[in-house]
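Reviewing the structure listed below.
The values are calculated or read from the model by the stated rules, or taken from the named source; none is laboratory data. For clarity, every value in this text was computed on a predicted model and none was experimentally measured. Cβ coordinates were reconstructed from backbone atoms using ideal geometry, including for glycine residues, and neighbour counts include every protein chain displayed. Side chains are part of the model used for accessible areas, which takes the heavy atoms of the whole protein and leaves out ligands, DNA and RNA. Shrake-Rupley method; radii C 1.70, N 1.55, O 1.52, S 1.80 Å.
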Amino acid sequence: MAADMRLPTIQKPVSLSVSALGRKDLVVPGDVITSDTGFMRGHGTYVDEDKLTASVAGEVQRVDKLICVRPLKTRFNGEVGDVVVGRITEVQQKRWKVETNSRLDSVLLLSSVNLPGGELRRRSAEDELTMREYLQEGDLISAEVQSVFSDGALSLHTRSLKYGKLGQGVLVQLSPSLIKRQKTHFHNLPCGASIILGNNGFVWLYPTPEQQDEEAGGFYTSLEPVGLSDREVISRLRNCLLALAAHKVLLYDTSVLYCYESSVQHQVKDILKPEVMEEIVMLTQQKLLEQEG
């Protein structure tokens, strides 16, 4: 039986800023946020002896006089405009149910998808009968939150050509609180792969397509074999994402790229070893601090 033995390694001293270590906006249950009675109580807080106290562990957010605590570990609470990656769980009448890591299954209406070929017309009974030809159970899609129902369920749409059914790639499931909100969540990385950072914590890695077929209406998926070099790049990116998530580093295109560059000197299978993971993440954090400074 093969045993994997590792010798202790000497850690390189890496200087991180004091502000990153002693943050005032992070609280745990029972922490007093403020004793000022002029503030309103929001989600994740309660009043104890005229003091506003945190009921969950997370980040304090202030909007005017309203104070709430955003939990660090929670289900996805979607907002209009959020980019999500989800999996079709059920085909119903004129709609698909989609698992998006939220409390309730999201809904993708037949009227909210592009028809193959990009046709613009009313959906007919024939379209309803052929729904499984567009999307079926188990398919992965990228979509945008169109609206939020009164019970908290999300209504999705894939009307833009950048959304739709996903082809060959790797899905990485992480915490939604680790995804940094940006203007765009679709990135073509210079290392040869592309990434979709879903606000719901689902991250999709896939080989960068040579050309985008605009007439497919978001339903074309390439089934060509993926080359060995592309598979290695995607596997390395996947392990980098898991390493960053394990050390609670915010995920966006720059942090992922810096982590990828820091991991090049190691083999893909070694990235998730604790001491290698720590070294790579420390180097990534140092690069991010240098960039901010």
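Observations on the structure shown:
- Some residue of region 60-79 being small (Gly, Ala, Ser) and open to solvent by less than 10 Å² (accessible area, probe 1.4 Å): no
- Residue count for region 199-210, restricted to those that are surrounded by fewer than 21 Cβ atoms within 10 Å (Cβ to Cβ) and farther than 17 Å from CYS240 by Cα: 3
- Check on GLY86, closer than 25 Å to LEU161 by Cβ and either open to solvent by 50 Å² or more (accessible area, probe 1.4 Å) or at pLDDT 90 or above (or both): yes
- THR37 satisfies every condition listed in (1) modelled with pLDDT under 85; (2) surrounded by 11 or more Cβ atoms within 10 Å (Cβ to Cβ); (3) of a type outside the set (A, V, I, L, M); (4) over 30 Å from LEU288 (Cβ atoms) except (2).
- Among residues of region 186-198, those that are open to solvent by 10 Å² or more (accessible area, probe 1.4 Å), in contact (Cβ under 8 Å) with a residue 24 or more places away in the chain and either part of a strand (DSSP E or B) or closer than 19 Å to GLU99 by Cβ (or both), counted: 2
- Pick from region 222-234, criterion part of a helix (DSSP H, G or I) and open to solvent by 50 Å² or more (accessible area, probe 1.4 Å), ranking: nearest to ASN188 (Cα to Cα): ASP230
- Taking the numbered list (1) within 20 Å of GLN92 (Cα to Cα); (2) free of Cβ contacts under 8 Å to residues at least 60 places away in the same chain in turn, SER142 passes all entries but (2).
- Residue within region 117-133 that is open to solvent by 10 Å² or more (accessible area, probe 1.4 Å), among the hydrophobic types (A, V, I, L, M, F, W, C) and touching a strand residue (DSSP E or B) at 6+ places or on another chain (Cβ under 8 Å) present: no
- The set of residues in region 134-176 that are in contact with a Phe, Trp or Tyr (Cβ under 8 Å, 6 or more places away or on another chain), of a type in the set (A, V, I, L, M) and open to solvent by 30 Å² or more (accessible area, probe 1.4 Å) comprises VAL170, LEU171.
- Residues in region 103-116 that are among the polar types (S, T, N, Q) and farther than 18 Å from ARG87 by Cβ were compared, and the one that is surrounded by the fewest Cβ atoms within 10 Å (Cβ to Cβ) is SER111.
- Taken over region 163-181, the criterion of being outside any strand (DSSP E or B) and aliphatic (A, V, I, L, M) is satisfied by LEU166, LEU174, LEU178.
- Hey, VAL91 within 23 Å of ASN200 (Cβ to Cβ) and either at pLDDT 90 or above or buried (at least 16 other Cβ atoms within 10 Å of the Cβ) (or both) or not: yes
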